[in-house]
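One structure is given below, encoded as structure tokens.
The values are calculated or read from the model by the stated rules, or taken from the named source; none is laboratory data. Predicted model, so just to flag it, every value in this text is computed and none were measured. So basically every Cβ, Gly included, is an ideal-geometry build from the backbone, and we count neighbours across all protein chains shown. All accessible areas refer to the heavy atoms of the entire protein, side chains included, with ligands and DNA or RNA removed. Shrake-Rupley method; radii C 1.70, N 1.55, O 1.52, S 1.80 Å.
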Amino acid sequence: MSRPFYITTAIDYANGAPHLGHAYEKVLADVLARHHRMLGDDVYFLTGLDEHGQKVQQTAQKRQIEPQVLVDEVAAVFQQMLGLLNISNDDYIRTTEPRHKVVVQAFLQKLFDKGLIFKATKSGWYSVRQEQFLSDKDRDAEGNWPSIYGEVTQTTEENYYFKLSQFQPWLIEHLKDNPDFINPAHRRKQVLEFLKEPMNDLCISRPKARLTWGIELPFDREFVTYVWFDALTNYYSAVVDKGRWPADMHVIGKDILSPPHAVYWPCMLKALDIAPPKQLLVHGWWTLNGSKASKSDGNATDSLSFAQKFGTDAFRYYLCREMVVGEDADFSSPNFAQRYKADLGHNLGNLVNRLLNMVGRNYAGTVPAPGADEELEQNLRKLWTETERKFFAHFAEAQISHALEALWVFVSAMNAYIEARAPWKLAKSAETADRARLDSCLAHVAEGLRLTATVLTPVMPKTCEQLLINIGLPVATSFASVHAWSTVCTGAKVAEKCILFPPLEEPEAPAKA
RNA sequence: GGUAGCGUAGCUCAGUUGGUUAGAGCGAGGGACUCAUAAGCCCUAGGUCGGCAGUUCAAUUCUGCCCGUUACCA
């Protein structure tokens, strides 16, 4: 009876190309999904695409194609990215799918019937070019409308509104009663601050005169629903027939925490008598070489080429190691190269080769059973106990960078252990005791690498698979075997050599794997 | 303008429920070794812990103000 774990990413907006921010969120969610699978949980991992709205309609018009043709194209590009990043999602929802529209309309109808959706007239300043109402905060310092808005006129428009404000007291209580609802904690404080001010009701429609590319309101076919009732509902519509709700974790960026995910979504669900999601995991933004990543910035998409150039797993490792979940982080080529070389190539990759070579040379490629058990061995095993505890504790908080940091302390310790044992000297000794120490040395490093590769599998699936195969072991599918030091490596046939992370300095860096 | 956070070694950051010599990783310098992807190991950082003032026997750690910076809100 495994525990269910339903995890989602935000759905990407189908206007524009995927960039680093899109990639990171998928990798983060994927690593957590894979981790939970190996914990034995019954994981369902959803990601998808938000395909309606003004921008999509406009882009399609400009290109003189049907919006559906456009979003089909975009969906293919985003799904290609998922493949490149080796994302293990169980489902991919697109908001133009019938299964989604049906749920959105059912939601709207139910709220309408309950009297929680009403029609109202709003008048104000309207930008024809941007097709949106403006408020005074949009004015520039001189009090004029910035030129990006084009012609601005006074307009009156009827729309439908959701009685959001009615749920404000409930939401505040919910946040106070559920300190884990928003991770990291300091984001929760921001939302509570936001909720000190009275909320407005939420406009949820657009007249078809302005926007046709959307889901029709079931109770008024002259309108389509706008943004949040369409987009947020994907989390529910994807699993409505699978018994997966509520979601255990929505992985989102800090830009859409408040108000959409922390306010609108729980209130919408409350209004529908549906349980809220268990947790919002909020990550920060990537900067590129110290400057903000913009969607239109060419660099932003180029960073994805790192995955192709240096390997998907190295890219995944870098993203996970470099960003403290919740904080911003900077992506730069020198920084990437440093992590690749030091952490992956030298510390881990080279260690694998040290083992393979010594087992090959001294034991004809078969891992020996441990012999001597002295302080060095005991300390290494003790360190694993400590490392394993920290690693899983950090993962439980979704603090992957800290988990990796702790794991690399152990990897370093294996290198230091080899130095202390000096197996190259032991191999030259005729003493029985030295032979027993040599046995232990290689047996311990093999086991240490098995443990490392197992817990690291969610971050670098392919590489860890390779690593385990090279030391003669099966692929890891569960964490059950990492809670205690074992001797399962004894007798394993290791490969001769294994370059998991080729040096970057090579003049002819291989463009393809 | 309001709210919250941050400001610690060249860089990225940890930490101190106030108390003898403030830590890690990376970079940089030096050393011993050689199984390995010239990788790994060992040693080396004397940094007013943003500024000013206060509380205290004692503050980098508490309080206030200021400066810088970031986020959210307006």
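For the range A:77-123, the candidate set comprises residues that are of a type in the set (Ser, Thr, Tyr), under 19 Å from A:Thr8 (Cα atoms) and open to solvent by 10 Å² or more (accessible area, probe 1.4 Å); within that set, the residue that is nearest to the chain's Cα centre (by Cα) is A:Ser88.
Filtering the range A:172-188 to residues that are assigned to a strand (DSSP E or B) and within 14 Å of RNA strand B (Cβ to nearest atom) leaves only A:Ile182. In this structure, A:Ile274 does satisfy being more than 18 Å from A:Leu46 (Cα to Cα) and either surrounded by fewer than 22 Cβ atoms within 10 Å (Cβ to Cβ) or aromatic (Phe, Trp, Tyr) (or both). The conditions are (1) over 29 Å from A:Phe5 (Cα atoms); (2) touching a Lys or Arg at 6+ places or on another chain (Cβ under 9 Å), and A:Gln68 fails exactly one of them. Which is it? Only one criterion in (1) over 29 Å from A:Phe5 (Cα atoms); (2) touching a Lys or Arg at 6+ places or on another chain (Cβ under 9 Å) is unmet by A:Gln68, namely (2).
Here A:Cys441 fits the description: within 12 Å of RNA strand B (Cβ to nearest atom) and in contact with a Lys or Arg (Cβ under 8 Å, 6 or more places away or on another chain). Where helices (runs of 4 or more DSSP H) fall wholly inside the range A:1-103, the ranges with 2 or more residues that are closer than 15 Å to A:Asn234 by Cβ and not assigned by TED's automatic domain parsing to the domain that holds A:Phe392 are A:20-39, A:67-84. For the range A:189-209, the candidate set comprises residues that are in contact (Cβ under 8 Å) with a residue 24 or more places away in the chain and in a helix (DSSP H, G or I); within that set, the residue that is farthest from RNA strand B (Cβ to nearest atom) is A:Val191. Restricted to the range A:399-513, the set of helices (runs of 4 or more DSSP H) holding at least 1 residues that are closer than 21 Å to A:Ala372 by Cβ and without any contact (Cβ under 8 Å) to a residue 24 or more places away in the chain comprises A:400-421, A:423-426, A:432-456.
Cβ-Cβ distances below 6 Å connect the following pairs, each with a first residue in the range A:369-382 that is on the phi < 0 side of the Ramachandran plot, a second residue that is assigned to a loop (DSSP other than H, G, I, E, B) and crowded, with 16+ Cβ neighbours inside 10 Å, and a separation of six or more residues or different chains: A:Arg381/A:Trp485.
One line per residue, one yes/no per condition, for (1) closer than 30 Å to A:Leu304 by Cα; (2) open to solvent by 60 Å² or more (accessible area, probe 1.4 Å); (3) more than 10 Å from RNA strand B (Cβ to nearest atom):
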site: A:Ala342; (1), (2), (3): yes, no, no
site: A:Leu348; (1), (2), (3): yes, no, no
site: A:Leu351; (1), (2), (3): yes, no, no
site: A:Gly360; (1), (2), (3): no, no, no
site: A:Tyr363; (1), (2), (3): no, no, yes
site: A:Val367; (1), (2), (3): no, no, yes
site: A:Glu377; (1), (2), (3): no, no, yes
site: A:Ala398; (1), (2), (3): yes, no, yes
site: A:Pro423; (1), (2), (3): no, no, no
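Can you pull out every residue in the range A:42-69 that is open to solvent by 20 Å² or more (accessible area, probe 1.4 Å) and touching a Pro at 6+ places or on another chain (Cβ under 7 Å)? Scanning the range A:42-69 gives A:Asp42, A:Gln57. Confirm whether A:Tyr13 is over 15 Å from the mean Cα position of the chain (by Cα) and of a type in the set (Phe, Trp, Tyr). Yes: the conditions hold for A:Tyr13. On inspection, A:Tyr161 passes the criterion of being in the same structural domain as A:Pro259 (by TED's automatic domain parsing), in a strand (DSSP E or B) and modelled with pLDDT of 85 or more.
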